[in-house]
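Peer 1: Shown below is the structure under consideration.
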Amino acid sequence: MKASRFTRYAAMCGVLAGLSAIAGGLYAHAVQPEFGIPGFFGAQWDLAFSGVGSLIAIGVVMVVGGVLSFKWPSVGASIVSVAAMVGLAYVFDRGQYRWLPLLYYWAAPWILTWLAGIFAGYALHERVEPYGGEAAPAGGQAGGQPTAARMD
Amino acid sequence: MATGTLNNQGLKRVRMRLITAVIVVFTLTCSGSFGMEDVVSSSGPGFTLLMIVILPFLWSVPMAFVASELASSIPEAGGLYRWIRRGLGEYWSFQGGWWWTLSLYVDSAVYVALALDYLQGYYEFSDLTRALIGIGVVAVFTFINIRGLDLTGWALTLIQIGVMVPLVVFTVLGLIRGTGDPFHPVFSGDGIWTSLTLGLAIMMWMYAGWESMSTLAGEIENPQRIIPRALMIGTPLVIITYVFTVAAAIMVAGDGGWANMWTGGGGIDFVEAAKIVGGATLGYFMLLSAVLSNLGLYAGYLATGARPAFQMSRDRLFPRFIGKTHKSWGTPWVAILIMGVVDGVLINFNFDALITIDVFLLMFAYILIFVTVIVLRNREPDMVRPFKVPLPTWALTIYVAIPIGIAIIALFINGIDWLIGGLIGILTGPVAYLIFKSVYKGTADEALEGSAVTPTGELTDFGAEVEGARL
């Protein structure tokens, strides 16, 4: 498969990951206006630092990363992946206030982010000429298969 | 290939006797039964013993078989990383190598921390003393590993003698003098599902590590023969060790005492059980055994954990300096040293958050290994396999589907912290590949350094023409 096709897949997955995070945030806000953790940065529920806020803000960053992937798949997919990691860390690092419902909203973005990284990796593998030869298919045969000429 | 010659990666192959190889495997997969106490109180005594007997055939025997087949046909430094490369290509091999290495970096530090916890609990020394002892331990084992596998093998042999002698004495005394029924009750009281989920995660951990020795293949003479044999001998040895030691501990705990079996103080662990059945002296030696068990695990995983990073560097997917070998000792000293330094730092901090990525990453790497063996069976049916799992490919596919299923279950039963940490850890793989591949470019398949097995089962080197390689 051509590198350009992998690039497109990576970008689309990145954009979809971001959109799914944003959609998750909007849905959460719709069904439960104060979705998030009351008092995380103060006594009152704060939209900016709530579960809704994190999903939408990080989702926007992921969409930007996905769009960048069309031109620079490595940079774009890295932005998408790091953003997803931050989002998950936000769920994780809440001490006793860790809020599990937020994790469910990250399921679809996580899978799409992982796919974006995989496709970006395949695209990079196709584009970069490795040491000692031309680029080989990413999913093709690889690894120390010796030929007769190489065997001592 | 004569002992002491440097192969085309600058690694020196040492002659490892089968008994030493078995001890290495035993260290990496068992090293005593410390930690099993928690399974007993979580799952119930009968079910614990049942899991000890049954789980290996669903979890560790498949991995031991698969590791034997792959290690015999692709006996290269970095082991599993190179297997996956051969089967699934560069991208997935990097992922497998990265996840496995990341997991081992954290995992190995845990063992030193546990050994220090045991000592500090007993001798009650200060945190500063703890830190100094920890750094000293890491430094000693780092040097031993850099010095070579022959010295590492000797160290592990001595350590396992220190681990097993008290355990054997305890087991004999426990089986004779113990009064508890090791099979009653079967479950802990909350039914089979609760017993299973609570105990399975720990039990899987206790039965892991069969793939680890393969990473040393570049530094052992005839690895294609030694490693499979060691794995086949080590498997029943580990099962027997667990069955008898745990049964003895349950019996020593007495009627109903199993419910109080746990590690970490306050419960009946192996040390307390040894005091009950053999007095303070046996208790002291059991403490020593527990400390040595963890140090053995550390020494073993320091050896195996550093090799994939070395090989990935040689394959131009990691910084080049990590792939340097020692001119005289023929070991990947930079990779080992880096792991030692990381461990030396980690043990002095609370790295609970890092541990949460551990299981998840390892399980994903395991799944890649199982997929690899099936892909290679189908794509390279004529590949030289000095050891071949005695199953046709379709049956092997069904057989490895079982541990893959268990691995997937394990992702979700370890707790929510582990799930979130693992999900974050998995995403580091693609990012790392994108960075390192962009910077270092990788190596084409036809230019890889390594070893191959000839149709007669001998080992040959190839790739010597690669820049930087030495003969």
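Peer 1: Yes or no: region B:456-471 includes at least one residue that is facing another protein chain (nearest Cβ under 7 Å), modelled with pLDDT under 85 and surrounded by fewer than 19 Cβ atoms within 10 Å (Cβ to Cβ).
Peer 2: If we filter region B:456-471 for residues that are facing another protein chain (nearest Cβ under 7 Å), which is where we start, we get B:460-463, B:466.
Among the residues that remain, those that are also modelled with pLDDT under 85 are: B:460-463, B:466.
Filter once more, so that each one left must be surrounded by fewer than 19 Cβ atoms within 10 Å (Cβ to Cβ): B:460.
Checking region B:456-471: at least one residue is facing another protein chain (nearest Cβ under 7 Å), modelled with pLDDT under 85 and surrounded by fewer than 19 Cβ atoms within 10 Å (Cβ to Cβ).
Peer 1: Select, from B:T48, B:T5, the only residue that is modelled with pLDDT of 90 or more and of a type in the set (S, T, N, Q).
Peer 2: B:T48
Peer 1: B:A407 is checked against (1) away from chain A (no Cβ under 13 Å); (2) modelled with pLDDT of 90 or more; (3) within 28 Å of A:Y122 (Cβ to Cβ) and fails just one. What number does that condition carry?
Peer 2: In the conditions (1) away from chain A (no Cβ under 13 Å); (2) modelled with pLDDT of 90 or more; (3) within 28 Å of A:Y122 (Cβ to Cβ), B:A407 misses (2) alone.
Peer 1: Shifting gears a bit: Determine whether B:L158 is modelled with pLDDT of 95 or more, of a type in the set (A, V, I, L, M, F, W, C) and assigned to a helix (DSSP H, G or I). It would help to see each step written out before you state the result.
Peer 2: Values: modelled with pLDDT of 95 or more: yes; of a type in the set (A, V, I, L, M, F, W, C): yes; assigned to a helix (DSSP H, G or I): yes.
The answer is yes for B:L158.
Peer 1: Ok, one more. Search region B:373-382 for residues being of a type in the set (A, V, I, L, M, F, W, C) and within 14 Å of chain A (Cβ to nearest Cβ), and hand back the single one that is farthest from B:P75 (Cα to Cα).
Peer 2: Among them, the one singled out is B:V375.
Peer 1: If you don't mind, there's one more thing I want to ask. B:W262 passes all but one of (1) surrounded by fewer than 24 Cβ atoms within 10 Å (Cβ to Cβ); (2) not in a loop (DSSP other than H, G, I, E, B); which number fails?
Peer 2: Among (1) surrounded by fewer than 24 Cβ atoms within 10 Å (Cβ to Cβ); (2) not in a loop (DSSP other than H, G, I, E, B), B:W262 violates only (2).
Peer 1: Continuing with this model, one more query. Among the residues of region B:410-448, write down those that are more than 8 Å from chain A (Cβ to nearest Cβ) and at negative phi. Before you say what the answer is, go through the steps one by one.
Peer 2: From region B:410-448, those more than 8 Å from chain A (Cβ to nearest Cβ) are B:410-415, B:418, B:422, B:425, B:432, B:436, B:439-440; that's our starting set.
Result: B:A410, B:L411, B:F412, B:I413, B:N414, B:W418, B:G422, B:G425, B:A432, B:F436, B:V439, B:Y440.
Peer 1: Another question, if that's okay. What are the residue pairs meeting all of these: first residue in region A:57-76, first residue under 16 Å from A:Y122 (Cβ atoms), second residue among the acidic types (D, E) and part of a helix (DSSP H, G or I), Cβ atoms under 7 Å, and 6 or more apart or on different chains?
Peer 2: Final answer for the pair search is none.
Peer 1: So how many residues does region B:260-286 have that are at negative phi, touching a residue at least 24 places away in the same chain (Cβ under 8 Å) and out of contact with any Leu (no Cβ under 8 Å at 6 or more places or on another chain)?
Peer 2: Here the count works out to 10.
Peer 1: With (1) part of a loop (DSSP other than H, G, I, E, B); (2) away from every other protein chain (no Cβ under 14 Å); (3) of a type outside the set (A, V, I, L, M, F, W, C) as the list, and B:G305 as the residue in question, which single condition is left unmet?
Peer 2: (1)
Peer 1: Could you list all residues from region B:442-458 that are in a strand (DSSP E or B) and not hydrophobic (A, V, I, L, M, F, W, C)? Reasoning before the result, please.
Peer 2: The first filter runs over region B:442-458 and keeps only residues in a strand (DSSP E or B), leaving B:443, B:450-453.
Hits for region B:442-458 are B:T443, B:G450, B:S451.
Peer 1: Then there's this: Which condition number does B:W210 fail, the rest of (1) under 14 Å from the mean Cα position of the chain (by Cα); (2) buried (at least 24 other Cβ atoms within 10 Å of the Cβ); (3) in a helix (DSSP H, G or I) being met?
Peer 2: Of the numbered conditions (1) under 14 Å from the mean Cα position of the chain (by Cα); (2) buried (at least 24 other Cβ atoms within 10 Å of the Cβ); (3) in a helix (DSSP H, G or I), the odd one out for B:W210 is (3).
Peer 1: If you scan region B:181-201, which residues turn out to be crowded, with 20+ Cβ neighbours inside 10 Å and either at pLDDT 85 or above or of a type in the set (F, W, Y) (or both)?
Peer 2: Correct list: B:P182 only.
Peer 1: Restricting attention to region B:138-146, does a residue exist that is farther than 16 Å from B:N294 by Cβ and touching a His at 6+ places or on another chain (Cβ under 9 Å)?
Peer 2: Within region B:138-146, one or more residues are farther than 16 Å from B:N294 by Cβ and touching a His at 6+ places or on another chain (Cβ under 9 Å).
Peer 1: Checking the structure you have, find out if any residue of region B:383-402 is at pLDDT below 95 and within 12 Å of chain A (Cβ to nearest Cβ).
Peer 2: Yes: one or more hits.
Per-residue answers, yes or no, for (1) within 9 Å of chain B (Cβ to nearest Cβ); (2) modelled with pLDDT of 95 or more:
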site: A:V75; (1), (2): yes, yes
site: A:Y90; (1), (2): no, no
site: A:I111; (1), (2): no, yes
site: A:Y122; (1), (2): yes, yes
site: A:Q145; (1), (2): yes, no
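Peer 1: Here's something else I'd like to know. Can you give me the number of residues within region B:279-303 that are closer than 13 Å to B:I144 by Cα and of a type outside the set (F, W, Y)?
Peer 2: Within region B:279-303, residues that are closer than 13 Å to B:I144 by Cα and of a type outside the set (F, W, Y) number 6.
Peer 1: Something else about it: What pairs come up if the first residue lies in region B:393-422 and is farther than 23 Å from A:G87 by Cα, the second is among the aromatic types (F, W, Y) and in a loop (DSSP other than H, G, I, E, B), and their beta carbons are under 8 Å apart, counting only those six or more places apart or on different chains?
Peer 2: Sorted first by the residue in region B:393-422, then by its partner, the pairs are B:I402/B:W59; B:P403/B:W59; B:I406/B:W59.
The values are calculated or read from the model by the stated rules, or taken from the named source; none is laboratory data. These numbers come from a predicted model, not from an experiment. Glycine gets a Cβ as well: all are built from the backbone with ideal geometry, and neighbour counts include every protein chain shown.
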